[in-house]
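Just below is one structure, and these are the notes that go with it.
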Amino acid sequence: IGRLLPERKPKPITSQALETLAIVALKQPVSTGDINAIRGIESAGVIQTLAKRKLIARSSRLGPRRARIWRTTAEFLEMFQLGSIDELYKEGRMEEVFASVYSAEMGAATN
């Protein structure tokens, strides 16, 4: 089937996914419940999408009441051209990383 269907371009990351990704990157390791509390909305679908894209992954440990704990992946670092997660904390880098993806998404949405 893969040979018969042309390669599909990955869809741009949504603002909801970007928001969730930022939470995971900044708070990791973070539980699904904590992500929901920070966003104020159920985030299971967005988390699943980010996990399918391999930008986040379940941590090897479980949180309180066996909650799933999430962390960023090597693919996340590669996508945002980071050598390590610590680079996000350099002055202005976080805004640069997440703003570039958000503006690219907005440009794709208007085309």
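The values are calculated or read from the model by the stated rules, or taken from the named source; none is laboratory data. Predicted model, so just to flag it, every value in this text is computed and none were measured. Glycine gets a Cβ as well: all are built from the backbone with ideal geometry, and neighbour counts include every protein chain shown. When the accessible area is computed, the model is the full protein with side chains, heavy atoms only, and any ligands, DNA or RNA have been set aside. Shrake-Rupley method; radii C 1.70, N 1.55, O 1.52, S 1.80 Å.
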Problem - Enumeration of residues in region 26-53 that are touching a residue at least 40 places away in the same chain (Cβ under 8 Å) and under 12 Å from I69 (Cα atoms) - result: Q28, P29, V30
Handout entry: Residue count, region 42-62 (criterion: more than 22 Å from F80 (Cα to Cα) and touching a strand residue (DSSP E or B) at 6+ places or on another chain (Cβ under 8 Å))
Key = 2
Practice task
Might you let me know whether region 9-28 holds any residue that is open to solvent by 30 Å² or more (accessible area, probe 1.4 Å), at pLDDT 90 or above and either touching an Asp or Glu at 6+ places or on another chain (Cβ under 9 Å) or in a loop (DSSP other than H, G, I, E, B) (or both)?
Solution key: yes
Handout entry: Selection from region 71-83 of residues that are open to solvent by 90 Å² or more (accessible area, probe 1.4 Å) and more than 14 Å from R93 (Cβ to Cβ)
Key = R71, E78
Exercise for the section: Could you please find all residues in region 58-85 being closer than 23 Å to A37 by Cα, polar (S, T, N, Q) and more than 14 Å from the chain's Cα centre (by Cα)? Expected result: S59, S60
Practice task
Consider R39 carefully, then state whether it is open to solvent by 90 Å² or more (accessible area, probe 1.4 Å), at pLDDT below 95 and out of contact with any Cys (no Cβ under 9 Å at 6 or more places or on another chain).
Solution key: no
Practice task
With the condition kept exactly as written, say whether any residue in region 51-70 is open to solvent by 70 Å² or more (accessible area, probe 1.4 Å), under 16 Å from Q16 (Cα atoms), outside any helix (DSSP H, G or I) and modelled with pLDDT under 95.
Solution key: yes
